Amino acid sequence: MSQLIGWKNWLKEYQNVTVSFYMYVGCARHKKDVSLSLELAAKTFRSDELSSEAIVTKQYLMSVGETLRKQDIVILENNANEIIGTCFLIDRLFYFGRVNITGTFLTSICIDELSRGKGYSELLMNAALAECENRGSIFAVLIARRAVDHFYNKFGFWGVSQYAKISINLVNVYEKNNRLTESTPTIIDLPILNTLYESAYSKLLGSLLRSQNNWKNILWKTELQKIRFIVVRKNGTLCGYVIFSGCDLYEVAVSEDASYIELLCYLKDKYSLGNVSIYCAPQHPIVYSLAAFDYSITLRQCNYGGHMVRVIDYKYLLRLLQEKSPMLYEEKVRIDFAENQLGFEDTCLMMGMSYLSMSPMDSRTHSANSFNIPLVDQS
């Protein structure tokens with residue numbers, strides 16, 4: 001979707017902006033738009049001094065190793081044919097109970113430094129959201145930096161992640177006959193890794209389906225960010241993996257041939273880990289392995305920043321809500337959706353997300369889960 005902004009209307013709404021004729025806002029139209037958008041994003045987020053390496057890195061992050069399509073970039077171009085704003089769109093499938101739904105990441109959202117403070121971001125965001133609706137996305141998601149806390153709320157985005165974390169001291173965790181060995185994951189390991197990942201994460205809200213290219217991107221990203229990614233084997237058979245940095249465990253999964261306690265003990269012995277933090281939802285199967293140990297789970301609520309979601313297709317989610325929780329559906333259909341924009345509580349309820357200040361009534365009528373996007377899938 002694209003539009004031309006007539007200068008009279010523009011001046012009337014934004015008195016502090018001088019536009020001599022028109023501005024273009026919409027999807028990139030040709031290869032030059034793609035190149036200039038990558039340059040702007042790389043300059044804004046990766047380096048003060050633009051380099052070819054920064055541009056290549058940004059391109060790979062945005063395309064997940066595939067061809068970067070023009071329809072996946074929303075641009076804002078001034079009347080001098082200069083791209084002064086851009087936003088990249090990345091479609092991903094999310095696990096959502098019995099179905100998988102499409103969410104679109106809005107990422108590398110930026111306005112050129114000389115053009116900031118003039119209201120252009122509103123044009124860019126509205127065009128990006130219109131494109132999400134155009135392509136059939138159920139919701140839009142973005143990861144907001146602290147510098148823009150509260151900014152995205154006005155566009156219907158709400159911070160919904162609970163940043164769930166398990167804390168445990170491995171000193172008192174012990175497993176006899178630990179026979180695990182480790183290696184670096186390879187392309188050949190990816191199908192098994194995906195099976196392990198699905199067994200642990202497919203029922204966790206915020207988790208995404210992963211293609212072969214997604215896994216290749218994870219291999220590349222963990223190396224780029226200097227995050228450890230190891231696979232473990234027992235008797236030569238791959239039986240688990242963990243993605244971690246120091247005492248922070250970002251992702252972990254094992255097969256039935258191993259146990260989470262075995263893996264934790266291996267990490268303790270191999271890497272001298274003591275107090276560790278495991279970043280996963282309380283519904284992760286590792287929690288059930290910790291019954292005999294002293295551990296804690298912490299959750300957080302921050303509706304103005306962090307991992308933020310905006311519902312796009314509320315009618316689709318209402319149909320799912322009707323099937324899952326008829327009582328709650330009867331209440332929610334009374335909401336006025338005229339502006340197609342929900343508040344924090346309704347966004348959580350429509351998406352099946354729990355939040356710490358949820359009322360007792362909603363807790364009884366709505367089976368909600370903690371929402372957490374795995375680190376290596378964040379865009």
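The values are calculated or read from the model by the stated rules, or taken from the named source; none is laboratory data. The shown structure was predicted, so the numbers you read here are calculated from the model rather than taken from an experiment. Note that we place each Cβ from the backbone using ideal geometry, even for glycine, and neighbour counts take in every protein chain shown.
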Filter pass, residue 129 being crowded, with 20+ Cβ neighbours inside 10 Å and either hydrophobic (A, V, I, L, M, F, W, C) or under 20 Å from residue 214 (Cα atoms) (or both) = yes
Looking at 180, 224, which is the one that is at negative phi, modelled with pLDDT under 95 and touching a Phe, Trp or Tyr at 6+ places or on another chain (Cβ under 6 Å)?
-> 180
How many of the residues making up the stretch 294-305 are under 21 Å from residue 143 (Cα atoms) and either surrounded by fewer than 21 Cβ atoms within 10 Å (Cβ to Cβ) or polar (S, T, N, Q) (or both)?
-> 7
Residue 191: passes all of (1) free of Cβ contacts under 8 Å to residues at least 24 places away in the same chain; (2) in a strand (DSSP E or B); (3) not acidic (Asp, Glu) but (2)
Select from the stretch 144-186 the residues that are touching a Leu at 6+ places or on another chain (Cβ under 9 Å) and in a strand (DSSP E or B) and write down the one among them that is surrounded by the fewest Cβ atoms within 10 Å (Cβ to Cβ).
-> 183
Go through the stretch 64-89 and count every residue that is at negative phi, surrounded by 18 or more Cβ atoms within 10 Å (Cβ to Cβ) and not aromatic (Phe, Trp, Tyr).
-> 14
Pair list, Cβ < 6 Å and 6+ apart or interchain, from the stretch 224-241 residues that are assigned to a loop (DSSP other than H, G, I, E, B) to residues that are at pLDDT 95 or above = 227/245
Is it fair to say residue 327 is of a type outside the set (D, E, K, R), surrounded by fewer than 16 Cβ atoms within 10 Å (Cβ to Cβ), more than 22 Å from the chain's Cα centre (by Cα) and at pLDDT below 85?
-> yes
Identify the residue in the stretch 251-293 that is surrounded by 15 or more Cβ atoms within 10 Å (Cβ to Cβ) and among the acidic types (Asp, Glu) and, among all such residues, is modelled with the lowest pLDDT.
-> 262
Single residue of 220, 215 found to be under 27 Å from the mean Cα position of the chain (by Cα), aromatic (Phe, Trp, Tyr) and surrounded by fewer than 17 Cβ atoms within 10 Å (Cβ to Cβ) | 220
